[in-house]
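Laboratory data are not the source of any read-out in this text; all were calculated from the coordinates shown. In this text, all values refer to a predicted model and were calculated from it rather than measured experimentally. All Cβ positions, even for glycine, are placed from backbone atoms using ideal geometry, and neighbour counts span all protein chains on display.
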Amino acid sequence: GENVEQHPSTLSVQEGDSAVIKCTYSDSASNYFPWYKQELGKRPQLIIDIRSNVGEKKDQRIAVTLNKTAKHFSLHITETQPEDSAVYFCAASNLGTYKYIFGTGTRLKVLA
Amino acid sequence: NAGVTQTPKFQVLKTGQSMTLQCAQDMNHEYMSWYRQDPGMGLRLIHYSVGAGITDQGEVPNGYNVSRSTTEDFPLRLLSAAPSQTSVYFCASSSANRSPLHFGNGTRLTVT
């Protein structure tokens, strides 16, 4: 079936360093790839997304890259800050079917 | 604009009891869905709906029922609760352009 693999499951970085989280999807019909941030006890919130007709998108310290051939997309956070500490989820969706398949999450810890 | 509202926030059930988790959205979103979140397993789709009167199964539908009588409401019913249904449940919705998903604040359910 359709699945999304996400790595690593945990990631610790020093404040100011960069963090990279990677996801691989199986359904070649996927055309929309959002990233969600979930703080402890809170709901997932969208931080950035990318559609399949774009290879890269950036929003301040956050960027997402997409390699459709390899079915691979990544989240890049630069100049990390303690408030970036959270669980991050990637997802893949075929917007024609409404279905979102989520990765298993990455717990990011930014050490001050 | 309240967004996606879930009630209750917390619930404890005994095995075999039934209950309904409520979800309402005021954004006129066509698409609504229910996810469960378990440690290390990300967000798994239980049921979803693409409009009033239309529902379909997700990855883990067993033990749950849904209905969509109005655009605004999408309740999730547990007919006979089991300890395996102990989880955090999130309702999410999206618009006709099918991106992005907006999540409610979640319901933490414990079945003893």
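Across the protein assembly as shown, the fraction of Cα-Cα pairs farther apart than 29 Å, rounded to a whole number, is 27%. Calculate, for B:S18 and A:K42, the FRET efficiency according to 1/(1 + (r/R0)^6) with r their C-beta to C-beta distance and R0 22 Å; round to the nearest 0.05. According to the calculation, E is roughly 0.20. For the peptide A:69-75, the mean number of other protein chain Cβ atoms found within 10 angstrom of a residue's Cβ is 0. Computed over chain A with a Gaussian network model linking Cα atoms closer than 10 Å, the most mobile of A:D49, A:D84, A:D17 is A:D17.
Here the Karplus relation 6.51 cos²θ - 1.76 cosθ + 1.60, evaluated at θ = phi - 60°, turns the backbone of region B:14-26 into coupling constants of 8, 3, x, 6, 10, 6, 10, 8, 9, 9, 9, 10, 10 Hz, with x for every Gly and Pro. Taken over region B:36-81, the percentage of Cα pairs per 10 Å bin, counting from 0 up to the bin with the maximum distance, is 27, 50, 22, 2.
Charge tally around B:Q6: other residues with Cβ under 15 Å, Lys/Arg +1 each, Asp/Glu -1 each, net +3. According to the Kirkwood relation over distinct C-alpha pairs, the hydrodynamic radius of chain A is 14.0 Å.
Could you work out the mean count of beta carbons from other protein chains within 10 Å of each residue's beta carbon in A:45-52?
2
The alpha-carbon atoms of chain B, seen along their principal axes, cover 40, 27, 25 angstrom, with the largest extent given first.
When only Cα pairs below 8 angstrom with a gap of at least 6 residues are kept, chain A shows a relative contact order of 37 percent. Each Cα pair under 8 Å and six or more residues apart adds its separation to the average, and for chain B the resulting relative contact order is 36 percent.
Here the 3J(HN,Hα) profile of region A:37-51, calculated from phi with Karplus coefficients 6.51, -1.76 and 1.60 at θ = phi - 60°, is 10, 10, 7, 4, x, 10, 7, x, 10, 5, 10, 6, 8, 8, 9 Hz, Gly and Pro shown as x. For the protein assembly as shown, the antiparallel share of DSSP beta bridges with both residues in that region comes to about 90%.
Between B:M27 and B:K9, the modelled label-to-label distance comes to 2.1 nm, taking each label 7 Å out from Cα in the direction of the beta carbon.
Amide H to amide H, with H built 1.01 Å from N, B:A82 comes under 5 Å of B:G16, counting only residues 5 or more places away or on other chains. The simple spin-label model puts a point 7 Å past each Cα toward its Cβ; for A:R107 and A:R61 those points are separated by 2.1 nm. For A:N3, nonlocal amide neighbours, meaning residues 5 or more places apart or on other chains whose placed amide H falls under 5 Å from its own, are A:S26, A:D27.
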